[in-house]
Amino acid sequence: MEYHTHSEGETEAVGEALARTLEPGAVIAFTGDLGAGKTAFTRGLARGLGLTGRVTSPTFTIVNEYEGGRLPLFHFDMYRLESSDELFDIGWEDYLRRGGVCAVEWSEKVSDAMTGALRVDIRRGEGDSERVIIIQGSRQGDGSSLPLGQQEPSPCLPGKEA
């Protein structure tokens, strides 16, 4: 699925709608340039999971944990890591077993650990605030694949291209 958003709020709304469809153990592997909107999308995920706390980029902490909603959210930033080995060293498998949603920014740095993940690529569009969001892959924590067209996040997402 491809979405075009025209503001940070619209990018968050796409994340919020997607979060409502996620199952325990889901992994979201983000790709996109610095400042593309990965953290904004994750704020939307948090809201869609019923989490009300402030969501910030975990660039220096590697992972931020948010609990108290329908599912916990574990927000990772792999920018400073060199390999998947470092991800496993911080307890990646433990996070997967906790039954929350793992949102992984800069997932390409740990691509071999992203098997079965839902892929979310966020790129800048033509205007300064326009973003092109492409979502593909699995939404289920067991790594099984569900074609996104069978269960769309929402029929009324802002900027959705038919």
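The values are calculated or read from the model by the stated rules, or taken from the named source; none is laboratory data. Computed from a predicted model, the values in this text were never measured in an experiment. Note that each Cβ is placed from the backbone with ideal geometry, even for glycine, and that neighbours are counted across all protein chains shown. Heavy atoms of the whole protein, side chains included, go into the accessibility calculation; ligands, DNA and RNA do not. Shrake-Rupley method; radii C 1.70, N 1.55, O 1.52, S 1.80 Å.
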Q | Compactness of segment 1-89 as Cα Rg over 2.2 N^0.38 Å, two decimals | A | 1.08
Q: Using a cut-off of 10 Å between beta-carbons, work out the net charge of the residues near residue 124 (Lys and Arg +1, Asp and Glu -1, residue 124 not included).
A: -2
Q: Step through the residues of segment 93-99 one at a time and calculate ³J(HN,Hα) from phi using the Karplus curve (6.51 cos²θ - 1.76 cosθ + 1.60, θ = phi - 60°), rounding each to whole Hz and writing x for Gly and Pro.
A: 5, 5, 4, 4, 6, 6, x
(Q) Taking 10 °C and 1.306 mPa s as the conditions, I'd like the Stokes-Einstein D for segment 83-135 in µm²/s, using the Kirkwood hydrodynamic radius from alpha carbon pairs. (A) 124 µm²/s
Q: Rounded to whole Hz and in sequence order, give me ³J(HN,Hα) for segment 5-17 from the Karplus expression 6.51 cos²θ - 1.76 cosθ + 1.60, θ = phi - 60°, writing x for Gly and Pro.
A: 10, 10, 6, 4, x, 5, 5, 4, 5, 5, x, 4, 5
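Net charge near residue 53, counting Lys/Arg +1 and Asp/Glu -1 over other residues with Cβ under 12 Å of its Cβ?
Numbers: positive: 43, 47, 54; negative: 65, 67.
Taking every Cβ under 12 Å from that of residue 53, the sum is +1.
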Q.
Probe of 1.4 angstrom, ligands and nucleic acids ignored: what's the accessible area per residue over segment 32-85, in square angstrom?
A. 46 Å²
**Q.** Local electrostatic count at residue 100 - Lys and Arg +1, Asp and Glu -1, tallied over other residues with Cβ under 12 Å
**A.** -1
(Q) Whole percent per 10 Å bin, from 0 to the bin with the longest distance: what is P(r) over all C-alpha pairs of segment 1-42? (A) 26, 59, 15, 0
Q | Protection proxy ranking, peptides 104-117, 87-100, average beta carbon neighbours within 10 Å, highest first | A | 104-117, 87-100
Q: Describe numerically, in nm with one decimal, the distance between label points set 7 Å from Cα along Cα→Cβ at residue 67 and at residue 2.
A: 4.1 nm
Q. With θ set to phi - 60° and the Karplus curve 6.51 cos²θ - 1.76 cosθ + 1.60, what are the ³J(HN,Hα) couplings of segment 41-49 in order, to the nearest whole Hz, using x for Gly and Pro?
A. 4, 5, 4, x, 4, 4, 4, x, 8
Q.
In whole percent, and with a 1.4 Å probe on the protein chains, what portion of the accessible area of segment 1-134 is carbon and sulfur?
A. 46 percent
